[in-house]
Amino acid sequence: MNDTTDPAAVARRITDRCRQLDLSEDSLAHRAAMAPRYLVHLLEAGPTFDPGGFVRIAAVLGLSRDELLTGRQDAPPGQSGPGPRPRLLDLTEAECWDLVGTHGVGRIALPVRPAPVVYPVNYVVDHGSFAYRTGESAGTAPAEGAALSFQVDHIDEYLGRGWSVLALGSAHYVDDPEDLSRLSGLPGAAPWAGGDRPRWVRVRPDEITGRRLVTG
């Protein structure tokens, strides 16, 4: 049975959303034009019992019917909770580089005022460094030589497993024409955000560490 027809999964989703909105069960029933006792019965019976009732509930909760029945497709990771007997294992430097691959999406953390900021960027790996494209005055354009961190991770929601790699280093702009040409030809070089991003920033790690989350 999948989440679309599993009454327990749908009821849990409704309870979580009500908690987010600070909405009581009685208030939900009133706004969905049903008696509180009928709402309880509806949650126990599931979406196939009264589809129209669940459409009204979804509207009250500010969700589409599909979001209510199957969950948000753009929800942040971690909605499923931890897996059985989770534990963290340290990764070697070689394992870290192997996991980040040749290209992907990571997060750049820059030391600006009044507080550090973190931006997602798509990157390429080149000769023991990360490189990404940015605009001249974009938020992802650090000062030359700025100390920063670069993080890449992966989470398997179904299994409750994943890994995270963190690189600490400094930022340097790439100006050599041969390097620029080579970087631009690598898989994953095109900026996902689009727009004019003519500058390449290279992050040279002084330290790279990682951890793997395993279960069972």
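Every number here is computed from the coordinates shown, using simple stated rules; none is lab data. Here the structure is a predicted model, which is why all the values come from computation and not from measurement. Every residue, glycine among them, receives a Cβ derived from its backbone with ideal geometry; neighbour counts consider all protein chains shown.
Positive contributions from Lys and Arg (+1) and negative ones from Asp and Glu (-1), summed over other residues with Cβ under 13 Å from the Cβ of Asp50, come out at +1. For segment 3-61, the equivalent ellipsoid derived from the Cα gyration tensor has semi-axes of 16, 13, 10 Å, listed largest first. In this entry, segment 145-202 is assigned a mean projected area of 5.7 nm², taken as a quarter of its C-alpha convex hull surface.
If you average the C-alpha positions of segment 159-216 and of segment 77-110 separately, how far apart do those two centres end up, in angstrom? Measuring centre to centre over Cα atoms gives 14 Å.
Sorted largest first, the spans of the alpha carbon positions of the chain along the three principal axes are 70, 41, 34 Å. Normalise the Debye intensity by I(0) for segment 87-214, one equal point scatterer per Cα, no solvent, then take log10 at q = 0.12, 0.23 Å⁻¹ and round to two decimals. The Debye formula, applied to the Cα set alone, gives -0.45, -1.43.
Taken about its Cα centre, segment 87-214 carries a charge dipole of roughly 380 debye when the Cβ of each Lys and Arg holds +1 and the Cβ of each Asp and Glu holds -1. Annotation: amide H-H contacts under 5 Å for Asp126 (H modelled 1.01 Å from N, sequence separation of 5 or more, or interchain): Ala131.
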